[in-house]
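> This is the structure I want to talk about, given as structure tokens.
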Amino acid sequence: MFVVSSISTWAENDALTPYVSALEWPADAPVMMIAFSEERQFPFRKFPKRFAGTMYRSPKGELAICYNSPRAMRILLNKDEILIERDGRLSPLPASSVDAGAMYDLLDGNLEMLRANWQPEARDDGFRLRPKADSLRDAVKWIDVSIVDNQVRSVAVHQSNQAIRRYEFADSRPADLAGWDPFSR
Amino acid sequence: MKNLWIALILLLGFPIGYLLTVNWPTAFNSNILELLPDANDSAAAREARQQIRAHLSNPVLVKVSGFDAPRENMVRQLRTAIDSQPEFGAPFIVGDPSEAASVFETLQSNQETILAASWIDSQFQRFEEAQPETSFPEWLARESADNLDTFLEQPMSVAYSEHIPADPLLLLPGLFAKLPQLEATQSEAIYAWIPTTHDPMSAGSKAVIEESLDLVLEALKRADEKTVLKASGVYRLAGVSAERTQQEVSQLNIAMVVGIFGLLLLLAGRPGFLLLTFIPLLVAALWSIVGGLLAFGQIHVIALAVASVVLGLAVDYGVHLSTQRGSSSLEATWPKVRLPLITSCISTCFGFFFLLLSPSAALRQVGIMAPAGLVGALLAVRWLLPHLERWAGAYRIRPFLERPAPRLPMKVRLVIPLSTGAIACIIIVGLGSFDDDVRSFQIPIQEELEGYQQLVSEISPGATTNRWLCFASSPADLIDNLKQTRDQLGIDPLLPIAAIDPQAKSWQTFIAEQETFTDAFRTELEAHGFESTAFQPFFDKLSNASRWQSPESVEKALTELASELPPPLAPVLLNKGTTWLSVYEVPDGTTLPDSLRDFTLELSERNSLNSALMTARNAIINSMLWGVIGMMACVFSLYGLSRGTQALAVPFWSVSLGLATIVITGQHIGLLAIIGVVLAFCLALDYGAFAASSREPPASIRISSITTVCTFLILSLCSIPAIAQLGKVVASSVFFAWIGAELLCMQSPIKLSKTAHE
């Protein structure tokens with residue numbers, strides 16, 4: 001019993017281990033909200049595009065990313081699925097976006113899936129995730145995650161197509177929805 | 001005795017021996033499509049129709065709902081469960097991102113050929129409406145750079161960013177917005193389109209498919225016990241229709257036999273009489289089935305239902321001989337009935353042969369089965385009944401059947417038929433209208449149909465019911481045909497490649513000023529903050545823009561697209577062998593112009609089949625006129641002018657009244673009503689022939705008419721409206737034929753006696 005426990009502890013003792021409490025959501029967490037800003041740097045564009053909004057997480061693990069700048073927009077993120085609200089209708093992304101799963105696992109704090117698909121490397125203020133599978137490498141080179149005060153503060157997704165997405169997150173807090181459902185389909 | 005054995009072998013031994021060799025599971029056919037008439041289409045149109053019918057009727061449509069487990073888990077479970085069923089191919093899950101990805105890759109490699117020209121055409125129209133001061137290439141360059149800049153604000157731009165250097169015009173994102181089947185469903189339910197390896201129209205496929213669906217549901221329930229699976233498809237409609245038709249045909253046949261023998265027992269009072277009527281019936285049934293199987297290899301269940309009316313006619317033959325026996329023997333009685341029976345048999349066979357003109361394969365089978373049965377019945381009456389007399393024993397027809405009807409004055413006997421006949425003709429001409437709807441040839445399966453339509457509307461919301469099918473033998477011809485359709489009707493086909501004419505002003509302007517556009521677009525991209533050098537993949541392709549619409553590019557693009565489109569989208573561009581198809585929507589109420597008929601079909605077969613029914617009905621009416629002339633010649637040559645006129649008066653009068661009865665009840669006269677008129681005319685001529693050659697009230701006519709009316713009244717209870725109408729027409733006509741025969745027999749016995757011995 002002691003041997004098995006030791007092997008298990010050794011196997012999970014990687015660059016993610018110090019940040020488990022920062023990544024995982026409490027089991028009884030209500031709908032939570034986090035204000036964020038985003039920069040998209042495309043390789044074919046000289047200046048980044050800037051966005052801002054609020055992310056919501058439901059107790060079931062659904063994520064709703066609601067942009068309010070430069071214009072209102074909503075994205076529903078589930079495992080293996082990313083839906084965009086367009087003209088009042090939800091549509092999947094036309095191209096396969098394998099890093100959507102990584103973003104979901106990261107924001108949802110699913111350590112098991114992160115460890116299965118990514119190789120974590122320690123950094124000064126957090127960790128870097130490098131894809132294990134070729135299919136992931138085709139889409140993403142690496143993802144840098146910075147954690148300050150036991151909370152994810154920034155995420156930078158370096159795409160294989162040279163695009164870079166940088167997210168900055170404010171403190172998380174219980175959402176005040178006043179009857180509105182950000183996860184509605 | 002020798003004749004008896006020959007008759008037994010020929011009439012009973014041969015058909016029974018043959019039927020013992022028949023493979024019964026395949027002998028009967030319940031395919032509803034064979035009940036429908038063949039449309040009046042060309043060979044190419046028939047091929048196109050067959051291909052699209054096969055594609056659209058193949059899938060099993062499935063809705064999975066009620067589960068609490070994550071939707072994506074259930075999608076995975078559903079795919080695995082379906083993959084494990086050999087009857088099913090790979091499913092298309094509506095709104096699943098992986099389905100969109102596969103279409104995306106196919107379109108991406110041909111995007112300029114398929115999409116660019118129509119996009120430029122639409123931009124050119126906007127340019128002309130806006131009337132800016134700049135040239136078209138400069139205006140287009142600025143608009144395109146603006147659009148690209150705005151697009152980057154959309155989240156989907158992140159996933160699409162690697163494709164943007166090759167598609168800065170954003171052709172593909174624009175197309176995907178027009179494909180509802182690839183959008184995520186807003187419902188929690190999962191909708192799947194599952195191809196099946198079974199012919200959905202074949203017997204037994206419903207059971208096999210439903211068994212596989214049960215196993216799929218079982219697997220899903222292991223993931224979430226609450227899962228509910230609802231499925232439908234043409235396999236189910238065909239299966240339920242076939243089951244109900246077979247069930248109803250069996251019930252009608254049993255009811256007819258029980259009705260006939262019950263009445264005969266009631267009217268004759270002794271079972272021995274039944275033996276004399278049962279043998280012609282048995283021979284007729286055997287010969288009818290053998291005739292159908294020998295001529296067609298298979299018998300449709302509807303053919304079996306309609307041909308079963310021959311049972312009533314076969315019984316009549318036995319009745320005619322048996323009731324005329326009196327105190328002599330059947331052998332001695334035969335000469336008395338020979339002429340009217342042979343006349344009746346020939347004329348009735350002649351009437352049934354009209355069904356060979358029917359557009360429905362099932363009804364053409366009746367055109368062989370019924371005459372075969374009638375000839376068999378007549379031979380049985382002549383060669384078997386006299387030998388069975390000893391077993392039949394004594395019997396006596398109920399006295400009231402032989403009692404003369406109250407004699408009416410001559411004036412009354414003339415006035416009644418003449419006035420009622422005239423009124424009937426006025427009703428038919430004034431109120432009667434011809435109409436056929438192919439739906440009246442199908443057994444109602446409303447609940448199943450509504451379930452199927454509900455599922456279709458949930459999978460493809462907003463799909464219009466009015467869709468046309470364009471067909472051709474090559475991709476280039478298909479494009480030409482679609483362009484003609486667009487130019488003539490102003491309809492924008494879903495296939496964007498068809499929306500552009502290489503000679504169009506927009507395309508010519510773009511090609512002529514391509515270099516100007518290239519320079520302007522580079523400048524605008526830089527001005528909007530883009531690195532114009534990053535878009536070299538696009539500019540490389542742009543330098544060959546004149547070849548985007550070449551026949552080789554078009555053929556390559558369409559061939560690849562047709563092979564990759566997922567099943568629900570495949571009707572947009574379907575290629576099977578040398579047949580190329582494209583289905584598009586047209587506004588409700590649009591009628592197909594003659595100029596497009598060479599390469600266009602309405603996807604709904606209802607109109608074309610109704611047209612085929614109308615053509616067949618008109619053909620039968622025309623042929624019927626010649627048939628009546630032939631029958632009149634036959635009757636006059638056998639009966640002479642005076643008795644021939646009397647014999648023919650009965651069918652003309654009774655059929656007029658029978659048809660008027662249908663018109664008064666507010667029904668349109670359909671194809672089977674016309675066929676019923678032909679049958680009723682032959683039956684009525686049978687009565688007319690007997691009445692004209694009899695000097696006594698013909699008990700055989702009374703028995704025959706009672707049993708025949710009963711038989712056809714039972715047929716009129718059929719759920720298939722067209723067959724029910726046939727039953728009504730014949731039942732009412734035969735009833736009036738009986739009245740006509742009674743009126744005819746009220747003539748002076750002396751005069752009749754004279755004519756009978758002439």
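Every read-out reported here was derived from the displayed coordinates using simple, explicitly stated rules and does not represent laboratory data. As the structure is a prediction and not an experimental result, all values here were calculated from the model. Please note: Cβ atoms are built from the backbone with ideal geometry, for glycine as well, and neighbour counts cover all protein chains shown.
> Per residue, how big is the convex hull of region B:208-339 when only Cα atoms are used? Give it in Å³.
Value for region B:208-339: 152 Å³ per residue.
> D for region B:192-264, whole µm²/s, Stokes-Einstein with Kirkwood Rh over alpha-carbon pairs at 20 °C and 1.002 mPa s: what number?
It comes out at roughly 144 µm²/s.
> Let me ask something else. Relative to the longest principal axis of the C-alpha atoms of chain B, give the angle of the C-alpha long axis of helix B:606-664, reported between 0 and 90° and rounded to the nearest 10°.
20 degrees
> In nm, to one decimal, how far is the A:Arg173 label point from the B:Asp540 one, both placed 7 Å along Cα→Cβ?
That separation, rounded to one decimal, is 5.3 nm.
> Percentage of Cα-Cα pair distances in region B:322-453 greater than 24 Å, rounded to whole percent?
Cα-Cα pairs of region B:322-453 separated by over 24 Å account for 65 percent.
> Label points 7 Å out from Cα along the Cβ direction at B:Ile9 and A:Ser160: separation in nm?
Placing both labels 7 Å beyond Cα along the Cβ direction yields 8.4 nm.
> Obtain the radius of gyration and the Kirkwood radius of region A:120-185 from its C-alpha atoms and give Rg over Rh.
Across region A:120-185, the Cα-based Rg/Rh ratio is 1.11.
> Still on this structure, please answer the following. Could you compute the FRET efficiency for A:Ala122 and A:Ser184, with r as their C-beta to C-beta distance and R0 at 41 Å, rounded to 0.05?
Step by step, r from the Cβ atoms, then E = 0.55.
> Just the Kirkwood number for region B:275-360, please: inverse of mean 1/r across all distinct Cα pairs, in Å, one decimal.
The Cα-based Kirkwood calculation yields 14.3 Å.
> Specify the angular offset, from 0 to 90 degrees and rounded to the nearest 10, of the alpha carbon long axis of helix B:309-323 from the longest principal axis of the alpha carbons in chain B.
0 degrees
> Right, here's the next one. Over its Cα atoms, what ratio of radius of gyration to 2.2 N^0.38 Å does region B:528-580 give?
1.64
> Could I ask something else about it? Which of the listed residues, B:Met256, B:Val337, B:Gln77, is farthest toward the dipole's positive end in chain B, when Lys, Arg count +1 and Asp, Glu count -1 at the beta-carbon?
Ranked along the dipole, the leading option is B:Val337.
> Please report, in whole Å³, the volume per residue of the convex hull around the C-alpha atoms of region B:521-668.
Convex hull volume per residue, Cα atoms: 254 Å³.
> What lysines does B:Lys206 reach when the alpha-carbon gap must be under 16 Å and sequence neighbours fewer than 8 apart in one chain are set aside?
The qualifying lysines are B:Lys230.
> Taking 26 Å as the cut-off for C-alpha to C-alpha distance, list the pairs among B:Lys483/B:Lys556; A:Lys60/B:Lys221; A:Lys141/B:Lys541; A:Lys60/B:Lys226; B:Lys483/B:Lys505 that go past it.
Result: A:Lys141/B:Lys541 exceed 26 Å.
> Okay, next question. Cα-based Rg of the protein assembly as shown per 2.2 N^0.38 Å, rounded to two decimals?
Normalised by 2.2 N^0.38 Å, the Cα Rg of the protein assembly as shown equals 1.33.
> Using Cα pairs under 8 angstrom and six or more residues apart, how large is the relative contact order of chain B, in percent?
It rounds to 21 percent for chain B.
> Ok, one more. Only helical DSSP H runs with n ≥ 4 go in: add -39500 (n - 2.57) per run for chain B, normalise by residue count and round the 222 nm mean residue ellipticity to 500 deg cm²/dmol.
My calculation for chain B gives -21000 deg cm²/dmol from helical runs alone.
> Placing +1 on the Cβ of each Lys and Arg and -1 on the Cβ of each Asp and Glu in the protein assembly as shown, which of A:Asn68, B:Leu657, A:Leu106 has its Cα farthest towards the positive end of the resulting dipole?
B:Leu657
> Same structure, new question: Tell me, what are the semi-axes, in whole angstrom and largest first, of the equivalent ellipsoid of region B:323-375 as set by the roots of 5 times the Cα gyration tensor eigenvalues?
Working from the Cα gyration tensor, I get semi-axes of 32, 10, 6 Å.
> With r defined as the distance between the Cβ atoms of A:Arg89 and B:Glu211 and R0 fixed at 60 Å, what FRET efficiency is calculated, to the nearest 0.05?
0.95
> Just to confirm the number: angle between the C-alpha axis of helix B:97-108 and the first principal axis of chain B, 0 to 90 degrees, nearest 10?
Helix B:97-108 sits roughly 70 degrees off the main axis of chain B.
> What distance in nm separates the two pseudo spin-label positions at B:Thr80 and B:Ser135, each 7 Å out from Cα along the beta-carbon direction?
It is 6.2 nm.
> Can you tell me the dipole magnitude for chain B around its Cα centre, using point charges on the Cβ only (Lys, Arg +1; Asp, Glu -1), in Debye to the nearest 20?
With only Lys, Arg, Asp and Glu charged at Cβ, the dipole is about 7320 debye.
> Same structure again: Output the Cα-based Rg and Dmax of region B:402-456 in Å, rounding Rg to one decimal and Dmax to a whole number.
23.4, 68
> Using the Cα centre as the reference, give the magnitude of the dipole from point charges on the C-beta atoms of the protein assembly as shown (Lys, Arg: +1; Asp, Glu: -1; all else neutral), rounded to the nearest 20 debye.
Approximately 6600 debye in magnitude.
> What number, in nm² with one decimal, is the all-direction average of the projected area of the convex hull of the alpha-carbon atoms of region B:389-485?
Its average projected convex-hull area is 19.4 nm².
> Please compute, over every Cα-Cα pair in chain B, the percentage with a separation greater than 42 angstrom.
Of all Cα-Cα pairs in chain B, 47 percent lie more than 42 Å apart.
> If you split all Cα-Cα distances of region B:582-725 into 5 Å bins from zero, what percentages do you get per bin, shortest first?
Percent of Cα pairs in each bin: 2, 8, 13, 16, 14, 13, 10, 7, 5, 4, 4, 2, 1, 0, 0.
> Now for a separate question. Computed on alpha carbon atoms, what radius of gyration and Dmax characterise region B:365-437, expressed in Å?
Rg, Dmax (Cα atoms, Å): 21.7, 56.
> Applying 1/(1 + (r/R0)^6) with R0 = 45 Å to the Cβ-Cβ distance of B:Leu356 and B:Glu555, what FRET efficiency is obtained, to the nearest 0.05?
Given R0 = 45 Å and the Cβ-Cβ separation, E is 0.50.
> So for region B:596-751, taking the charge dipole from beta-carbon charges (+1 Lys/Arg, -1 Asp/Glu), which of B:Phe712, B:Trp738, B:Leu613 sits furthest toward the positive end?
B:Trp738
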